[in-house]
Amino acid sequence: MSLTLIIGNKNYSSWSLRAALAMELAEAPYSELLIPLDRPDSRARILEHSPTGKVPLLQTEEGPVWDSLAIGEYLAERFPEAYLWPRGEYARAVARSVCAEMHSGFAALRTHLPMDLKHDQALTAIPADAQADIQRICELWADCRAQFGQDGPYLFGHASLADAFFAPVAARLRSYRVELPEVAAAYVATVYQWPAFQRWYQAAQEERLG
Ligand SMILES: N[C@@H](CCC(=O)N[C@@H](CS)C(=O)NCC(=O)O)C(=O)O
């Protein structure tokens with residue numbers, strides 16, 4: 001087996017974090033290639049591997065898989081025994097829905113509260129559109145936890161791709177010290193206790209890429 005995950009800075013690259021958490025869920029042996037972002041040669045270096053010029057990208061024996069969502073789906077198919085999607089047809093449909101919602105949405109949150117795992121300070125004010133995103137995310141988390149969270153503390157009980165997709169959001173909410181309702185605050189704490197997330201977070205703290 002030969003899988004290489006190409007990622008950006010651990011401190012900043014939220015899409016890379018999602019793919020790395022998916023790899024951890026799959027328990028797939030892999031090597032990692034980190035290309036520092038925002039450097040003069042970053043784009044050229046990424047383009048050596050990725051047709052989009054973006055990370056993450058998973059290099060497989062057969063060729064590249066680009067985009068975090070496609071990587072998650074590929075791993076779910078290749079490692080079915082790891083249950084990257086939750087058990088149950090409807091639970092899977094909802095998990096896919098929330099991942100897709102994250103993947104294509106929450107632009108204001110992403111703009112105004114960029115992932116920065118070394119950051120630990122509240123914003124002076126949260127713009128209204130970002131606040132609306134946060135409200136929707138808290139509702140979504142509460143719905144998942146209430147409907148599917150009986151078997152554990154993650155969105156669908158056990159850790160799944162839904163948690164891989166929302167872990168960087170949890171990190172933003174903690175980094176910017178956003179006040180949260182009880183269920184959302186508990187979920188953020190769950191993400192911070194997830195060993196796979198902790199490993200990435202620790203590496204991000206030690207990263208010295210500027
Ligand atoms: N839709 C893509 C988004 C990937 C993306 O935007 N990656 C950022 C880093 S987090 C990137 O490669 N930025 C480099 C650039 O745009 O030059 C995914 O889900 O993988």
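The values are calculated or read from the model by the stated rules, or taken from the named source; none is laboratory data. These numbers come from a predicted model, not from an experiment. Cβ sites come from the backbone with ideal geometry, for glycine too, and all protein chains shown count toward neighbours.
I'd like the residue in region 46-69 that is in a helix (DSSP H, G or I) and either near the ligand (Cβ under 8 Å from one of its atoms) or of a type in the set (D, E) (or both) and, out of all such residues, is farthest from Y154 (Cα to Cα).
Filtering region 46-69 for residues that are in a helix (DSSP H, G or I) and either near the ligand (Cβ under 8 Å from one of its atoms) or of a type in the set (D, E) (or both), the one farthest from Y154 (Cα to Cα) comes out as I46.
Out of L117, L109, L57, I need the residue that is under 15 Å from W15 (Cβ atoms), in contact (Cβ under 8 Å) with a residue 12 or more places away in the chain, among the hydrophobic types (A, V, I, L, M, F, W, C) and in contact with a strand residue (DSSP E or B) (Cβ under 7 Å, 6 or more places away or on another chain). Which one?
Step by step, each of L117, L109, L57 is checked, and only L57 is under 15 Å from W15 (Cβ atoms), in contact (Cβ under 8 Å) with a residue 12 or more places away in the chain, among the hydrophobic types (A, V, I, L, M, F, W, C) and in contact with a strand residue (DSSP E or B) (Cβ under 7 Å, 6 or more places away or on another chain).
Looking at region 137-149 only, could you name the residues that are in contact with a strand residue (DSSP E or B) (Cβ under 6 Å, 6 or more places away or on another chain) and either assigned to a helix (DSSP H, G or I) or surrounded by fewer than 16 Cβ atoms within 10 Å (Cβ to Cβ) (or both)?
Filtering region 137-149 for residues in contact with a strand residue (DSSP E or B) (Cβ under 6 Å, 6 or more places away or on another chain) gives 148-149.
The one that is in contact with a strand residue (DSSP E or B) (Cβ under 6 Å, 6 or more places away or on another chain) and either assigned to a helix (DSSP H, G or I) or surrounded by fewer than 16 Cβ atoms within 10 Å (Cβ to Cβ) (or both): F148.
Is it the case that some residue within region 17-37 is closer than 16 Å to L155 by Cα, away from the ligand (no atom under 11 Å from the Cβ), crowded, with 20+ Cβ neighbours inside 10 Å and not small (G, A, S)?
Yes.
Checking V94 against (1) in the same structural domain as P29 (by TED's automatic domain parsing); (2) more than 12 Å from the ligand (Cβ to nearest atom): exactly one of these is not met. Which one?
The failed condition is (1).
Could you please find all residues in region 161-210 being under 19 Å from A26 (Cα atoms) and touching a Cys at 6+ places or on another chain (Cβ under 9 Å)?
L161, A162, A164, F165, F166
What is the one condition in (1) surrounded by fewer than 20 Cβ atoms within 10 Å (Cβ to Cβ); (2) in contact (Cβ under 8 Å) with a residue 40 or more places away in the chain that I134 does not satisfy?
(1)
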